[in-house]
Amino acid sequence: MKMIDKLLETRKRIKSRKPDFIMQDQHKRKELKKRWRKPKGMHSKMRMRIKGKPKSVEIGYSSPRLVKHLDRKGRRRILIGRPEDLTKLDKNKDAAMIKHGVGIRKKIEILKAAAEKGITVINLTEEKLNRKIELKKKDKQAAKEKEPAPSPAPEKKEAKTEEEEKKEKDKILTKREI
């Protein structure tokens, strides 16, 4: 374990000196996101690595291969979508991350199962989950309060018999004659 600890420390040192890799002209244009895209322009100063321009991604900034994709404590992050997936994990070497799109009910089950097995869940705690549930309840209540009361349905007129319809037509016809 000493070697991994040394490599984790090395990675930490490397990452502290690593620049933020951004798209070319990202600082000039608001609509460009803060993400990396390789500069490809023919006259691009960034592509030519001119002094004073943003740095480009290079192999020298990468982490040591043995500790790549490990968290700060040296555990592998493994995506979990259901409680049964926790059986594959080793509590000393692995840490669980709940997948995106898993519902609250399933998250509760996963947290309980992880607590029983002693596995740490990286991206969720019980407090965060409880806050989410409370916010959801408040939103539902607010939506119910904003919703207008249903208006009473208009009374349906009873279907007229044939005789009543003939009488009404006769009245109309007689009014025209006058």
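The values are calculated or read from the model by the stated rules, or taken from the named source; none is laboratory data. In this text, all values refer to a predicted model and were calculated from it rather than measured experimentally. Cβ placement follows ideal geometry from the backbone for every residue including glycine, while neighbour counts extend to all protein chains displayed.
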Can you give me the number of residues within region 110-119 that are exposed (fewer than 15 other Cβ atoms within 10 Å of the Cβ) and in contact with a Lys or Arg (Cβ under 9 Å, 6 or more places away or on another chain)?
2
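Condition check ((1) closer than 30 Å to A95 by Cβ; (2) surrounded by 12 or more Cβ atoms within 10 Å (Cβ to Cβ); (3) touching a residue at least 24 places away in the same chain (Cβ under 8 Å)) across all residues:
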position	(1), (2), (3)
L32	no, yes, no
R47	no, yes, no
I50	no, no, no
G60	yes, no, no
P64	yes, yes, yes
For residues that are assigned to a loop (DSSP other than H, G, I, E, B), over 19 Å from A114 (Cα atoms) and not basic (K, R), tally how many sit in region 66-85.
1
Can you go through S44, S56, S63 and tell me which one is in contact with a Phe, Trp or Tyr (Cβ under 9 Å, 6 or more places away or on another chain) and part of a loop (DSSP other than H, G, I, E, B)?
S56
Contact list please: Cβ distance under 8 Å, first residue in region 15-27 and free of Cβ contacts under 8 Å to residues at least 24 places away in the same chain and not assigned by TED's automatic domain parsing to the domain that holds S63, second residue surrounded by fewer than 17 Cβ atoms within 10 Å (Cβ to Cβ) and small (G, A, S), pairs at least six apart or on different chains.
none
Among the residues of region 86-127, the number that are among the hydroxyl-bearing types (S, T, Y) and assigned to a strand (DSSP E or B) is 0
Selected residue (criterion: surrounded by the fewest Cβ atoms within 10 Å (Cβ to Cβ)) from residues of region 1-30 that are farther than 25 Å from R49 by Cα and not hydrophobic (A, V, I, L, M, F, W, C)
K2
Residues in region 66-103 that are within 16 Å of K132 (Cβ to Cβ) and loosely packed, with under 11 Cβ neighbours inside 10 Å: how many?
3
